[in-house]
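The values are calculated or read from the model by the stated rules, or taken from the named source; none is laboratory data. If you're wondering where the values come from, they're calculated on a predicted model, not measured in any experiment. Note: ideal-geometry Cβ built from the backbone for every residue, glycine included; neighbour counts use all protein chains shown. Quick note on the areas: whole protein, heavy atoms, side chains included, nothing else; ligands and nucleic acids left out. Shrake-Rupley method; radii C 1.70, N 1.55, O 1.52, S 1.80 Å.
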Amino acid sequence: QVQLEESGGGSVQAGGSLRLSCVCSGFAYRFACMAWFRQAPGKEREGVASIDNSGSTTYADSVKGRFTISKDNAKNTLYLQMNSLISEDSGMYYCAAYRSVRPRRPLEPGDYNYWGQGTQVTVSS
């Protein structure tokens, strides 16, 4: 069984910053938290950033240069540092994990097996 719990969301003005955290726990074979997704009202869930076991990262074009994904394996925690926030960044942010097989498409929701409940991010312009 696995559990993913996000935190750190909130309301900020455009240009501000937030740091999201996701504590991941579980005993599944090759289970690993490695990505952040977001979903705005009325829109599909989209990949934001991912990081694999080697430290290689992938970012959506819309957040490159502004967001940074990182992880602390000792704490089983995934992070997303969000800077220079804009209103388009608003939405529910979810962390995601895979089981056994690494996602072939790191920013594709369908390639992940586990999800947290999400943390809300609201950016006011």
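Side notes on the structure shown:
- Some residue of segment 63-77 being charged (D, E, K, R), free of Cβ contacts under 8 Å to residues at least 40 places away in the same chain and surrounded by 18 or more Cβ atoms within 10 Å (Cβ to Cβ): yes
- Screening segment 46-62 for residues that are hydroxyl-bearing (Ser, Thr, Tyr) and surrounded by 12 or more Cβ atoms within 10 Å (Cβ to Cβ) and picking the one that is farthest from Pro106 (Cα to Cα) gives Ser62.
- Among all residues of segment 1-11, there is at least one that is open to solvent by 40 Å² or more (accessible area, probe 1.4 Å), closer than 17 Å to Val121 by Cα and in contact with a Ser or Thr (Cβ under 7 Å, 6 or more places away or on another chain).
- Residues satisfying the stated conditions in segment 27-42, i.e. outside any loop (DSSP other than H, G, I, E, B) and open to solvent by 30 Å² or more (accessible area, probe 1.4 Å): Gln39
- Whenever a residue of segment 114-125 is farther than 24 Å from Ala32 by Cα and open to solvent by 20 Å² or more (accessible area, probe 1.4 Å), its partners that are among the β-branched types (Val, Ile, Thr) and at pLDDT 95 or above, lying with C-beta atoms within less than 8 angstrom and at least six residues away or across chains, give the pairs Thr122/Val12; Ser124/Val12; Ser125/Ile86.
Each row is one residue, and each column tells you yes or no for (1) over 14 Å from the mean Cα position of the chain (by Cα); (2) modelled with pLDDT under 95; (3) in a strand (DSSP E or B).
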position: Glu44; (1), (2), (3): yes, no, no
position: Ser50; (1), (2), (3): no, no, yes
position: Gly65; (1), (2), (3): yes, no, no
position: Ile69; (1), (2), (3): no, no, yes
position: Ala74; (1), (2), (3): yes, yes, no
position: Leu80; (1), (2), (3): no, no, yes
position: Ser84; (1), (2), (3): yes, no, no
